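What follows is a set of notes on a single structure, which appears directly below.
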Amino acid sequence: MNKKSGKAEEFVTEITLRSEDFSRWYLDVVRRAELADYSPVKGCMVIRPYGYAIWELIQQTLDREIKRTGHVNAYFPLFIPNSLLTKEAEHVEGFAPQVAYVTHGGGEELEEKLVVRPTSEAIIGTMYAKWVQSWRDLPILLNQWANVVRWEKVTRPFLRTTEFLWQEGHTAHETADEAEEETRKILDLYASVCESLLAMPVVKGMKSESEKFAGALRTYSIEALMGDGRALQAGTSHNLGQNFAKAFDITFQARDKSVQHVWGTSWGVTTRLVGAVIMTHGDDSGLVLPPAVAPYQVVVVPIGRENWRETVLPRALEIKNELVNAGIRVTLDDRDERPGWKFSEWELRGVPLRLEIGPKDIEKSQVLLARRDTREKAGVAMDGLAEHIKGLLDTIQRNLFDRALAFRESRTQRVATWDEFKQVMEGRPGFVIAGWCGSAECEALIKGETQATIRNMPLDAPPATGSCIRCDQPAVAEAWFAKSY
Ligand SMILES: [Zn+2]
């Protein structure tokens, strides 16, 4: 399994092998690849430039897609008066244990304590109540890029931190159908960005009642399978129905002159997606980044004896500039270190392609390209290099998706009996598909006995047949179960 064993003495990677301890491997990669660091604030991380660059690439694509589908960006305050948060009963109950409050400001105790936003339905709903009068004011399609705070007891960089970055969309519509259409449209958008950009296959489906967003009518999610067989909720889209409109009194005069409440949605993805990329594609040597979210798609490493700065570096620089001009993200490693050290360093940081160039290559007018995903190495002519590399980056992107999909398929099983269910959950973790009667009681029993939860019920699943995996009542849905992050 350990592909590096042959060179282990030469390259000290300083990371735990993924195959040995996935959880420690993850933390090692985050630290050694300089994605994030712990901060003096408990539960809060510092996102370092290399990690932030990955987030920026995700953010740029999402922002473009969110705007392409008719939404605009806005910004609302970080603080929410406590009285607003308490207006929607289910919402406040769901978030209460995780809320941070500001009680003092300017040296005085505040008359009303302020909530540091855990999410912004309350403050945005309050503003929508002011802005919406007539059906002509609808729909409102807003998105906000922001930070939110949810007090966490156990944290892990990118996956669960007290403060995190995200986008939150909040929309208001004239009809129930429009709100449902919006909720599903965003779910599709999230799925397509995760699959194309992060090369991460996802399952689109509906959450159970107990796993839905506090205050929503229903929640949809995209779920991905990480390299250790645990599922990760990668994004959620909520149909809020009229719950928040009623709590915040968001009404409008309808086409028939009656006064009605708007229909709402909200949806978000977070910096957790950076963690998802690490855990979907990484290997024993560290990070493996899909080219589409790699801050550097190519690293140029000059090879040569003592005088490489004179003989090789000028040509390496030219090649770098040529690639940059072709729109490829490139870095040139001209540090005074051995090439072998640089190789393992950039492997650890997941750069998709390594370009080696030495005196002999220059003579032959070629370079050596090494793929991070397959470790294949091949000599390639300098002539037409940028085009060749672009094609190769596409191939790597596709290969990573195919590999992740094949892994998920190998770890997804349909089971028919409770014994089988338990056996699979105790053995090799992954998704288990089984019938469910729809009762929260069965769901809780299953979780208690196996730690597995219903990740979601896929939208494209055929109607359920057979019986519930736990109680033998008729199944109302086929659910995808897994242990999750
Ligand atoms: Zn049941």
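The values are calculated or read from the model by the stated rules, or taken from the named source; none is laboratory data. Remember, predicted model here, so these are calculated numbers, not experimental data. Neighbour counts run over all protein chains shown; Cβ positions are idealised from the backbone, glycine included. Areas reflect the complete protein model, heavy atoms only, side chains present, ligands, DNA and RNA absent. Shrake-Rupley method; radii C 1.70, N 1.55, O 1.52, S 1.80 Å.
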Note to self: Restricting to the stretch 106-141, and then to whatever is hydrophobic (A, V, I, L, M, F, W, C) and in a loop (DSSP other than H, G, I, E, B), can you tell me which residue is nearest to A89 (Cα to Cα)?
What the structure shows: V132
Next item on the list: List the number of the failed condition for V288; all other conditions in (1) at pLDDT 95 or above; (2) in contact with a Ser or Thr (Cβ under 7 Å, 6 or more places away or on another chain); (3) assigned to a loop (DSSP other than H, G, I, E, B) hold.
Entry: (2)
Margin query: Take W135 and tell me if it is over 30 Å from H281 (Cα atoms), at pLDDT 95 or above, open to solvent by 10 Å² or more (accessible area, probe 1.4 Å) and of a type in the set (F, W, Y).
Written below: yes
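Would you check if there is a residue in the stretch 355-363 being under 19 Å from V29 (Cβ atoms) and either of a type in the set (V, I, T) or open to solvent by 30 Å² or more (accessible area, probe 1.4 Å) (or both)?
We begin by selecting, within the stretch 355-363, every residue under 19 Å from V29 (Cβ atoms); these are none.
The answer is no, given that none of the residues of the stretch 355-363 is under 19 Å from V29 (Cβ atoms) and either of a type in the set (V, I, T) or open to solvent by 30 Å² or more (accessible area, probe 1.4 Å) (or both).
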Next item on the list: Could you check the stretch 370-485 for helices (runs of 4 or more DSSP H) lying wholly inside it with 2 or more residues that are hydrophobic (A, V, I, L, M, F, W, C) and more than 16 Å from the ligand (Cβ to nearest atom)?
Entry: 385-410, 418-426
Next item on the list: Filter the stretch 269-286 down to residues that are open to solvent by 10 Å² or more (accessible area, probe 1.4 Å) and in contact with a Lys or Arg (Cβ under 7 Å, 6 or more places away or on another chain), then give me how many there are.
Entry: 2
Margin query: One residue is enough: does the stretch 70-86 have a residue meeting the conditions surrounded by fewer than 13 Cβ atoms within 10 Å (Cβ to Cβ), free of Cβ contacts under 8 Å to residues at least 24 places away in the same chain and at positive phi?
Written below: no
Checklist line | Every pair of residues 6+ apart whose Cβ atoms lie under 7 Å, when the first sits in the stretch 463-485 and is in contact (Cβ under 8 Å) with a residue 12 or more places away in the chain and of a type in the set (S, T, Y) while the second is within 12 Å of the ligand (Cβ to nearest atom) and in a strand (DSSP E or B) | finding: S467/G435; S467/P474
Next item on the list: Any chance you could count how many residues in the stretch 169-190 are in contact with a Phe, Trp or Tyr (Cβ under 7 Å, 6 or more places away or on another chain) and open to solvent by less than 20 Å² (accessible area, probe 1.4 Å)?
Entry: 7
Checklist line | Selection from the stretch 31-51 of residues that are in a helix (DSSP H, G or I) and open to solvent by 80 Å² or more (accessible area, probe 1.4 Å) | finding: R31, P49
Note to self: Consider the stretch 1-22. How many of its residues are exposed (fewer than 13 other Cβ atoms within 10 Å of the Cβ) and either among the aliphatic types (A, V, I, L, M) or modelled with pLDDT of 95 or more (or both)?
What the structure shows: 3
Check: Going through the stretch 196-255 one residue at a time, which ones are among the small types (G, A, S), modelled with pLDDT of 95 or more and assigned to a helix (DSSP H, G or I)?
Finding: S196, A245
Next item on the list: May I ask you to verify whether S266 is of a type in the set (S, T, N, Q) and either open to solvent by 30 Å² or more (accessible area, probe 1.4 Å) or under 13 Å from the mean Cα position of the chain (by Cα) (or both)?
Entry: no
Notebook entry, point to check: So which residues in the stretch 426-435 are crowded, with 16+ Cβ neighbours inside 10 Å and more than 18 Å from Q233 (Cβ to Cβ), if there are any at all?
Noted result: A434, G435
Notebook entry, point to check: For T103, all conditions in the list (1) more than 21 Å from H261 (Cβ to Cβ); (2) assigned to a helix (DSSP H, G or I); (3) among the polar types (S, T, N, Q) hold save one; what is the number of the exception?
Noted result: (2)
Check: Quick one: what pairs do we get from the stretch 1-30, first residue among the aliphatic types (A, V, I, L, M), second at pLDDT below 80, C-beta under 9 Å, 6+ apart or different chains?
Finding: A8/N2; L17/M1; L17/N2; L17/K4
